[in-house]
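Values in this text are rule-based calculations from the coordinates and carry no lab data. None of these values were measured; they are calculated from a predicted model. Every residue, glycine among them, receives a Cβ derived from its backbone with ideal geometry; neighbour counts consider all protein chains shown.
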Amino acid sequence: MFTNHLPAHVSGQDQLIWKILFDRQTALLHRRAAPAFSQGLARLGLRREAIPDLGELSTTVFEETGWRLAPVGRPFEPAAFFELLAERRFPIVTRIRPMHAFDFSPQPDLFHDLFGHVPMLLDSGLADFLHMLGQAYRAQPEGSPAREQLWALYFFTAEFGLVQHEGQPRLYGAGLLSSAGEIHHCVNENTPRIAFDLATVLRTPVTGARYQQQYYVLPAWEQLTDCVAELAGLLAVA
Ligand SMILES: [Fe+2]
């Protein structure tokens, strides 16, 4: 199921795509990213010059948080994905997007996973939240409404979430952090950015739209972990 470290197929063009994406996203995210992302990026030592070795990066993440990175050849279906989260492992797609998908990659790719997700894994609040989601998903029957709700909660937090920081909404979802197109759409004054409410998020359908129709903004970072306590009572009844 898993490949080893960085695949042999990483080419010079892949390295160039990484470098250009890294430069553009770090510039775009200045004063737009949540503090947890900026801190995680610095602690990991991710650099524009080279795609990091996944084995070494996984060791660093494990020493910091107890999570491991699981290199995979393609994105997982939700059930397999949440199973990994329940084991404190995060799948990393080992192929980087092609040049023509620079602004928006419809499927997770190496840049989305490494740049968008891994720095956030160093935040213990988000890391524990993801672990809890994995365990909760595993505990629900296959095909149940509760699993759909947990997928929506993951989607509108870890993928497309924002959090208030010093009076401004800051980005922490990997789908935002890794996509210039999604960032421009999200910060547009006409795009709805709604205060996070757990019951509302649980009943928001996940669509295949190119960009999200609305985004949810945590009033404070602590609310991500605080909502875990009320989750069990709301699942499948929201
Ligand atoms: Fe993702």
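Would you check if residue 66 is away from the ligand (no atom under 16 Å from the Cβ), surrounded by fewer than 18 Cβ atoms within 10 Å (Cβ to Cβ) and within 14 Å of the chain's Cα centre (by Cα)? Answer is no for this residue.
Among the residues of the stretch 185-195, is any surrounded by fewer than 14 Cβ atoms within 10 Å (Cβ to Cβ), in contact (Cβ under 8 Å) with a residue 24 or more places away in the chain, over 16 Å from the mean Cα position of the chain (by Cα) and not in a loop (DSSP other than H, G, I, E, B)? Yes, that holds for at least one residue. Looking only at residues in the stretch 88-98 that are among the charged types (D, E, K, R) and farther than 17 Å from residue 13 by Cα, the one that is nearest to the ligand (Cβ to nearest atom) is 89. Could you tell me whether any residue of the stretch 35-55 is among the hydroxyl-bearing types (Ser, Thr, Tyr), assigned to a helix (DSSP H, G or I) and over 22 Å from residue 218 (Cβ atoms)? No, the stretch 35-55 contains no residue that is among the hydroxyl-bearing types (Ser, Thr, Tyr), assigned to a helix (DSSP H, G or I) and over 22 Å from residue 218 (Cβ atoms). Just one of the listed residues (222, 230) is charged (D, E, K, R), touching a residue at least 40 places away in the same chain (Cβ under 8 Å) and out of contact with any strand residue (DSSP E or B) (no Cβ under 6 Å at 6 or more places or on another chain), and it is 222. Counting only residues that are out of contact with any Ser or Thr (no Cβ under 8 Å at 6 or more places or on another chain) and over 19 Å from residue 72 (Cβ atoms), which one in the stretch 99-113 is nearest to the ligand (Cβ to nearest atom)? Result: 102. Whenever a residue of the stretch 90-111 is touching a residue at least 12 places away in the same chain (Cβ under 8 Å), its partners that are away from the ligand (no atom under 11 Å from the Cβ) and among the polar types (S, T, N, Q), lying with C-beta atoms within less than 7 angstrom and at least six residues away or across chains, give the pairs 94/3; 110/94. I'm checking my understanding of the structure. Among residues of the stretch 165-182 that are within 18 Å of the chain's Cα centre (by Cα) and more than 18 Å from residue 41 (Cα to Cα), which one is nearest to the ligand (Cβ to nearest atom)? Across the stretch 165-182, the extreme among qualifying residues is 182.
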